[in-house]
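Enquirer: Could you have a look at this structure, given as structure tokens, before my questions?
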Amino acid sequence: MKSATCAYVGAALFVALMAAFSAIGDTPPTGGMLLVLGILGVSSHLVLLPVVCASGRTAWTRACGYSWIAIDVMLNVASINGMTLAAVTPLRLGSHVLTAVWVADAGLTAGGIVRPVGIVLAMLLAGHALTAPWIPAWVIFIPFVLIPIWLVLLGRALHRADSAGRQRAPAVQ
């Protein structure tokens, strides 16, 4: 699957994940809903591996993106297997600092509207991760709403870059 397509699928999966979280409200999720949340959480991250590979300027910022994906996948599986939200949340927030580094670099590299949206998203993710104990829990939804928007914008930029690369490529004979 092309990186642009993966960005679009990731955006859709993040929207589905937000809808699933909204559906449970303040009640603890049932076993079935916990499994749905886990599958959506794992798949919404794993589908972004090609996106991380195709974006950003440096290997170390892509390593931050890969690390975020790995950590969040592990935490989603740990949640399905009974790890408490109190144990998962601080670790997840730590991975969001890494996410912010990758998002900022990918946004700066992509340019256009991806740049300012990416910078805002990166600042919100890092800011929330570092201030979560002192701010209301609902604040996390602000960057979560931006994630699918930014992924769609990044997907468009990746598609354009891929199309431009094919147009400039010499014909193979």
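What follows is calculated from the coordinates using simple rules that are stated; it is not laboratory data. Bear in mind the structure is a predicted one, so any value in this text is a computation, not a measurement. Quick reminder, even Gly has a Cβ in these numbers, built from the backbone with ideal geometry, and neighbours come from all protein chains shown.
Enquirer: Relative to the longest principal Cα axis of the chain, at what angle does helix 31-46 sit, 0 to 90 degrees, rounded to 10?
Expert: That helix lies at roughly 20 degrees to the long axis.
Enquirer: Something else about it: Applying the Karplus parametrisation 6.51 cos²θ - 1.76 cosθ + 1.60 with θ = phi - 60° to the phi angles of segment 11-24, what ³J(HN,Hα) value in whole Hz is obtained for each residue in order, glycine and proline being reported as x?
Expert: Result, ordered by residue: 4, 4, 5, 5, 5, 4, 5, 4, 5, 5, 5, 5, 5, 7 Hz.
Enquirer: Can you tell me how much longer the chain between Ala70 and Ala23 gets when fully stretched, taken as 0.36 nm per residue apart minus their C-alpha distance, in nm with one decimal?
Expert: 14.3 nm
Enquirer: Can you compute the FRET efficiency between Trp60 and Met33 using 1/(1 + (r/R0)^6), with r the Cβ-Cβ distance and R0 = 45 Å? Round to the nearest 0.05.
Expert: Efficiency, from the Cβ-Cβ distance: 0.75.
Enquirer: Something else: Between the DSSP loop rule and a limit of at most 15 other Cβ atoms within 10 Å, which trypsin sites (Lys or Arg not before Pro) in segment 28-124 are left?
Expert: Arg57
Enquirer: Please report, in debye to the nearest 20, how large the charge dipole of the chain is about its Cα centre when each Lys and Arg carries +1 at its beta carbon and each Asp and Glu carries -1 there.
Expert: So the dipole magnitude of the chain works out to roughly 620 debye.
Enquirer: Distance between Cα centroids, segment 1-36 to segment 72-148: provide it in whole Å.
Expert: Here the answer is 15 Å between Cα centres.
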